[in-house]
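The values are calculated or read from the model by the stated rules, or taken from the named source; none is laboratory data. Please read these numbers as outputs of a predicted model, since none were measured by experiment. For neighbour counting, all protein chains shown are included, and Cβ atoms are generated from backbone atoms with ideal geometry for every residue, glycine included.
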Amino acid sequence: MQKVAILGSTGSIGRNTLDVVDRLAPRFQVIAISGGTNIELIAEQTARYKPEIVSVATDQHAKELVERLQGLNVGMPTIKTGMEGMLAVATHSEAEIVVSATVGALGLLPTYKAIELGRRVAIANKEPLVMAGQLMQKCAQENEAEILPVDSEHNALHQCLRGERSSEVVRLILTASGGPFRNATLEEMQQATVAQAIKHPTWQMGAKITIDSATMMNKGLEVIEARWLFGFTADQIDIVIHPQSVVHSMIELVDGSFLAQMGLTDMRLPIQYAMTYPDRLVLDLPRLNLTNLQKLEFFAPDESRFPAITLAYKALRLGGIAPTVLNAANEVAVARFLDGSIGFMDIPRVIDNALSSCEKQGVGNLSSIEDALTADAKTRLWAEDFILELNSLTVGKSN
């Protein structure tokens, strides 16, 4: 029985991880979970899986959790809050597998600390590898830790690369659904509402990730993530739009062969793969029926409508703190779009401004996690100031 800690147990990946645990019982035991603010669900998870440590967002959430658990008449775990709580979950002394499924930069430090302890990290959170991929991989090598991707695209690449020599691989090809604006005009995108942007055609995801899909920043972040997961350069990583979302990613080999990983869109498959690697176990889910596939389409993304892709490649090539700046500016811009402060196409505008400022000032070296955290904090302030400036200009024009 392997012991599992889950960062983000109440999110989509966290819930699917627990489903995998149930399906593979008694192979895994859940010993620590963090769940943010969804106290009703985390209380249910605590009652069912009986983890030793549970982390929630604040002291008030901890109080609510205690009250709910008392009402359920179950044993009381150690309850912690905030970053201290997430670190306690990630570094539980008995955890062998840490599933990193938080959203955004919040997962950077807990994920790094789990790697530092030599754990297997099943990572669904793009941001830690985007912000500090080189440091993460260096830490993993020094501590004999494993980083196994849960993102469907990177999990697919991991499967395609299994047994292949890197010298025989020409390029990695990340597939993208194209999101809700795949066929929209630039004018339509400029007028896009939050309701339109969060209506994903394929996946059920949280708001932030869904907006990243709509801007296609998710693919840009995945390019950076793939660079650090697999050791290929920016010039060896491509993106294609694949509306059917059946091929999850591909590799091209030197002899012209292509290897693709295909399957239904169910995150339990990559989660189980990452948790049980190198074993492949039976997964009782609906299977892909090839005779039902009428067509598989692939298109080059239009970077004039999706400039986030261009910005991500730029950040990767700049190096240093540039990817950290890209990610921080994106998180701020997405949050402000969701609360109505800026328009949809202002998101890449905010990112471009932050990245250009970073380039002018110098990208510097990324020698520690503290460097990444400092760059992240400074960029968030910069992005907020730029959004205020944008809004004042808009008000001025309207007057």
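Considering only residues of region 254-274 that are of a type in the set (A, V, I, L, M, F, W, C) and more than 20 Å from V98 (Cα to Cα), which is surrounded by the most Cβ atoms within 10 Å (Cβ to Cβ)?
Pass one, region 254-274, residues of a type in the set (A, V, I, L, M, F, W, C): 254, 258-260, 262, 264, 267, 269, 271, 274.
Those left that are additionally more than 20 Å from V98 (Cα to Cα): 254, 258-260, 262, 264.
Numbers: V254: 10, F258: 13, L259: 19, A260: 17, M262: 15, L264: 13.
Result: L259.
Can C160 be described as part of a helix (DSSP H, G or I), surrounded by fewer than 24 Cβ atoms within 10 Å (Cβ to Cβ) and not assigned by TED's automatic domain parsing to the domain that holds I42? It would help to see each step written out before you state the result.
Details: part of a helix (DSSP H, G or I): yes; surrounded by fewer than 24 Cβ atoms within 10 Å (Cβ to Cβ): yes; not assigned by TED's automatic domain parsing to the domain that holds I42: yes.
Considered against the rule, which asks whether it is part of a helix (DSSP H, G or I), surrounded by fewer than 24 Cβ atoms within 10 Å (Cβ to Cβ) and not assigned by TED's automatic domain parsing to the domain that holds I42, C160 comes out as yes.
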Check whether at least one residue in region 176-196 is surrounded by 15 or more Cβ atoms within 10 Å (Cβ to Cβ) and free of Cβ contacts under 8 Å to residues at least 24 places away in the same chain, and report yes or no.
yes
Against the definition (crowded, with 19+ Cβ neighbours inside 10 Å and within 27 Å of E168 (Cβ to Cβ)), how does V223 come out, yes or no?
yes
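Table: residues versus (1) at pLDDT 95 or above; (2) closer than 28 Å to T324 by Cβ; (3) assigned to a helix (DSSP H, G or I).
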{"residue": "I209", "(1), (2), (3)": "no, yes, yes"}
{"residue": "L221", "(1), (2), (3)": "yes, yes, yes"}
{"residue": "P243", "(1), (2), (3)": "no, no, no"}
{"residue": "M250", "(1), (2), (3)": "yes, no, no"}
{"residue": "L259", "(1), (2), (3)": "yes, no, no"}
{"residue": "L269", "(1), (2), (3)": "yes, no, yes"}
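A quick yes/no check of all residues on (1) part of a loop (DSSP other than H, G, I, E, B); (2) assigned by TED's automatic domain parsing to the domain that holds Q196; (3) modelled with pLDDT of 95 or more; (4) of a type in the set (D, E, K, R):
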position	(1), (2), (3), (4)
V332	no, yes, yes, no
A335	no, yes, yes, no
G343	yes, yes, yes, no
E359	no, yes, no, yes
D385	no, yes, yes, yes
E389	no, yes, no, yes
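Can you find, within region 1-26, the residue that is farthest from the chain's Cα centre (by Cα) among those that are small (G, A, S) and under 18 Å from L106 (Cβ atoms)?
Taking region 1-26 first, the residues small (G, A, S) are 5, 8-9, 11-12, 14, 25.
From what is left, the residues that are under 18 Å from L106 (Cβ atoms) are 5, 8-9, 11-12, 14.
Details: A5: 17, G8: 12, S9: 14, G11: 12, S12: 12, G14: 12 Å.
Step by step, filter region 1-26, then rank; the result is A5.
Could you list all residues from region 317-338 that are under 17 Å from the mean Cα position of the chain (by Cα) and among the hydrophobic types (A, V, I, L, M, F, W, C)?
V325, L326, A328, A329, V332, A333, V334, A335
Regarding V247, is this residue in contact (Cβ under 8 Å) with a residue 40 or more places away in the chain, surrounded by fewer than 18 Cβ atoms within 10 Å (Cβ to Cβ) and β-branched (V, I, T)?
Numbers: in contact (Cβ under 8 Å) with a residue 40 or more places away in the chain: yes; surrounded by fewer than 18 Cβ atoms within 10 Å (Cβ to Cβ): no; β-branched (V, I, T): yes.
Judged against the criteria, V247 is not a match.
Restricting the search to region 1-15, which residues are assigned to a loop (DSSP other than H, G, I, E, B) and surrounded by 24 or more Cβ atoms within 10 Å (Cβ to Cβ)? Before you say what the answer is, go through the steps one by one.
First, pick out the residues of region 1-15 that are assigned to a loop (DSSP other than H, G, I, E, B): 1, 8-11.
Selection gives G8, S9.
Suppose the filter is more than 21 Å from Q236 (Cβ to Cβ), of a type in the set (D, E, K, R) and either touching a helix residue (DSSP H, G or I) at 6+ places or on another chain (Cβ under 7 Å) or at pLDDT 95 or above (or both); does R171 pass it? Break it down into steps so the answer makes sense when it comes.
Details: more than 21 Å from Q236 (Cβ to Cβ): no; of a type in the set (D, E, K, R): yes; either touching a helix residue (DSSP H, G or I) at 6+ places or on another chain (Cβ under 7 Å) or at pLDDT 95 or above (or both): yes.
So R171 fails the test.
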Can you work out which of the residues in region 286-316 that are part of a helix (DSSP H, G or I) and of a type in the set (A, V, I, L, M, F, W, C) is farthest from the chain's Cα centre (by Cα)?
L290
Determine whether region 362-380 contains at least one residue that is of a type in the set (A, V, I, L, M), more than 19 Å from W228 (Cα to Cα), out of contact with any helix residue (DSSP H, G or I) (no Cβ under 7 Å at 6 or more places or on another chain) and surrounded by fewer than 16 Cβ atoms within 10 Å (Cβ to Cβ).
yes
Does region 33-72 hold any residues that are under 21 Å from Q2 (Cβ atoms) and part of a helix (DSSP H, G or I), and which are they?
Q45, T46, R48, Y49
